[in-house]
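Okay, so here's the structure we're looking at.
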Amino acid sequence: MKAIQLLAHGVPGRFRLAEIPDPQPASDEVQLQVRACGLNHLDLWLEKGELPIKLQLPRTPGSEIAGEIIALGADVDEWRVGDRVAVQSNLFCGRCEFCVAGEESLCLEGKLLGIERDGGFAERVVVPARSLVKLPQKVDFVTAAALTLAGSTAMHMLMNRVEVHSGHWVLVSAAASGVGSAAVQIALKLGAYVIATGSTEAKRALALQLGAQYAVDSSNPNWPAEVRKITAKRGVDLVVEHVGGQIIEQCFNCLARGGTIVTCGATAGREITLHLWPFFVKQQRLVGSYGRNRQDLMNTLAWAESGRLRAVVDSVSPLDQTPDAFARLRGRSVLGKIVVQP
Ligand SMILES: [Zn+2]
């Protein structure tokens, strides 16, 4: 089969389109024909080698997979050849105390698909059967691949890690990203007023088109003042954050008393300074969110089927153009998701 392989870390674009043997499923795994696979910032971290995980090369990236089952391991009896599925990319053991409680995002033996084992930028991939979720009939492969990781990350943040109340102010960082575009839609459906940030006119226009009431220019260093103005100096109840660095520090200046910041990423920096005095005086919360549970992925796909959540797809590329897709994501001009169709 054809597969994209990453050959080196730290130098952008060291990929090859390789011809390699089909991966074979172990007894508890299935082999999928990959129909679509979304590109994520996680893939850029893999490319850079900037993950606190032991990495091996060559590696086929691609964590956000939708496909069709073409072969079953000997012990797999709950799935059939031909089933249309999405894959929960935070692979989990299914046995630890957290998995048993349905909190696979906390799994003690969690592994990242496309990072710690080969992923979906290939014609075929092998994944554990327990990581599969059935695709609803009305959800096509490209939509599934655009929402399976990014959309379900936002779903986990807003439905599992924090509570969004009707009438609350929610600020969504980098709203034109995969996670951001889903978070805007979910927060609106939960009855919140949404302020989006975006660094370009096109990104802000997308956020408004998704229904955000306001879009603030995050390239203006004084953007938190704009958020305070919109909320009549009160600040927002919730910030959905995935940028990190200076941006999350500035988000505290936008946060109301009793407010919460929920964060699932740190593309702009992993270390921040937190001023504890205003933090505890204003009784604020900083909440971590990682990956998703099976239930979050099922909710995401159900929302997609009912039309409550739409995938924002920047572009669809064939497999051999995956390296160009990486270059465009690095260039930060992408609106929504890039999806690769092998
Ligand atoms: Zn586990």
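The values are calculated or read from the model by the stated rules, or taken from the named source; none is laboratory data. From a predicted model like this one, the values you see are computed outputs, not experimental measurements. Neighbour counts run over all protein chains shown; Cβ positions are idealised from the backbone, glycine included. The accessibility values were calculated without ligands, DNA or RNA, using every heavy atom of the protein model including side chains. Shrake-Rupley method; radii C 1.70, N 1.55, O 1.52, S 1.80 Å.
Restricting attention to segment 35-52, the residues that are in contact with a helix residue (DSSP H, G or I) (Cβ under 9 Å, 6 or more places away or on another chain) and not basic (Lys, Arg) total 11.
The residues in segment 192-217 that are out of contact with any Asp or Glu (no Cβ under 9 Å at 6 or more places or on another chain), part of a loop (DSSP other than H, G, I, E, B) and open to solvent by 30 Å² or more (accessible area, probe 1.4 Å) can be counted, and the count is 2.
Does any residue of segment 72-85 turn out to be touching a residue at least 12 places away in the same chain (Cβ under 8 Å), among the aromatic types (Phe, Trp, Tyr) and within 16 Å of the ligand (Cβ to nearest atom)?
From segment 72-85, those touching a residue at least 12 places away in the same chain (Cβ under 8 Å) are 72-76, 78-79, 81-85; that's our starting set.
Next cut, among the aromatic types (Phe, Trp, Tyr) only: 79.
The next check asks that each one be within 16 Å of the ligand (Cβ to nearest atom); those that pass are none.
No; the residues of segment 72-85 include none that is touching a residue at least 12 places away in the same chain (Cβ under 8 Å), among the aromatic types (Phe, Trp, Tyr) and within 16 Å of the ligand (Cβ to nearest atom).
Tell me, which residue of segment 86-130 that is near the ligand (Cβ under 10 Å from one of its atoms), touching a residue at least 60 places away in the same chain (Cβ under 8 Å) and among the acidic types (Asp, Glu) is least open to solvent (accessible area, probe 1.4 Å)? Only one residue fits best here, namely Glu104.
Yes or no: segment 168-179 includes at least one residue that is crowded, with 24+ Cβ neighbours inside 10 Å, closer than 16 Å to Leu297 by Cβ and either touching a Leu at 6+ places or on another chain (Cβ under 7 Å) or not aliphatic (A, V, I, L, M) (or both). Yes, there is a match, as at least one residue in segment 168-179 is crowded, with 24+ Cβ neighbours inside 10 Å, closer than 16 Å to Leu297 by Cβ and either touching a Leu at 6+ places or on another chain (Cβ under 7 Å) or not aliphatic (A, V, I, L, M) (or both). Of the set (1) within 17 Å of the chain's Cα centre (by Cα); (2) within 12 Å of the ligand (Cβ to nearest atom), all apply to Gly62 but (2).
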